[in-house]
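Colleague: Sharing a structure, written as structure tokens. Questions coming.
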């Protein structure tokens, strides 16, 4: 079963959100369901609610974005699109490191 995400409509994988998702601690509590800590608040993600992912955070609910919590869940599920986007995180980190040097 694949989460119903239209990455093109969502503007692709947001590299900054993906980078922040790497710091989250997540527990898989069911099929496509996660509980995340490590941010300011705890959050719940369900990748298959009504055929598309849902998170209880404000970024997802009010801005209608693919939030860092959903990205963290997709990464843990091995979503190919999100895993490939990790290269963008590495490039961003390298660029920041080179600029600081």
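The values are calculated or read from the model by the stated rules, or taken from the named source; none is laboratory data. A quick note: this is a predicted structure, and the numbers were derived from the prediction, not measured. All Cβ positions, glycine included, derive from the backbone under ideal geometry; neighbour counts span all protein chains shown.
Colleague: For residues that are in a loop (DSSP other than H, G, I, E, B) and more than 14 Å from the chain's Cα centre (by Cα), scanning just region 7-38, find the one that is surrounded by the most Cβ atoms within 10 Å (Cβ to Cβ). Spell out the reasoning first.
Modeller: Taking region 7-38 and keeping what is in a loop (DSSP other than H, G, I, E, B), we get 7-14, 22-24, 31-32, 38.
This time we only want the ones that are more than 14 Å from the chain's Cα centre (by Cα), so: 8-9, 31.
Working: 8: 7, 9: 7, 31: 10.
Among them, the one singled out is 31.
To keep it simple, each residue is scored yes or no on (1) assigned to a loop (DSSP other than H, G, I, E, B); (2) crowded, with 19+ Cβ neighbours inside 10 Å; (3) under 13 Å from the mean Cα position of the chain (by Cα); (4) at pLDDT 95 or above.
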site	(1), (2), (3), (4)
40	yes, no, no, no
50	no, no, no, no
59	no, no, yes, no
65	yes, no, yes, no
74	no, yes, yes, no
78	yes, no, yes, no
81	no, no, yes, no
87	no, no, no, no
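Colleague: Give the residue, chosen from 15, 5, that is at pLDDT below 90 and closer than 14 Å to residue 55 by Cα. Steps first, please.
Modeller: Details: 15 fails: closer than 14 Å to residue 55 by Cα.
When all the criteria are applied, what remains is 5.
Colleague: Criterion first (crowded, with 19+ Cβ neighbours inside 10 Å and part of a helix (DSSP H, G or I)) does residue 93 satisfy it?
Modeller: On the way: crowded, with 19+ Cβ neighbours inside 10 Å: no; part of a helix (DSSP H, G or I): yes.
Against the criterion (crowded, with 19+ Cβ neighbours inside 10 Å and part of a helix (DSSP H, G or I)), residue 93 does not qualify.
Colleague: For residue 96, indicate whether it is modelled with pLDDT under 85 and touching a strand residue (DSSP E or B) at 6+ places or on another chain (Cβ under 7 Å).
Modeller: Numbers: modelled with pLDDT under 85: yes; touching a strand residue (DSSP E or B) at 6+ places or on another chain (Cβ under 7 Å): no.
In short, no.
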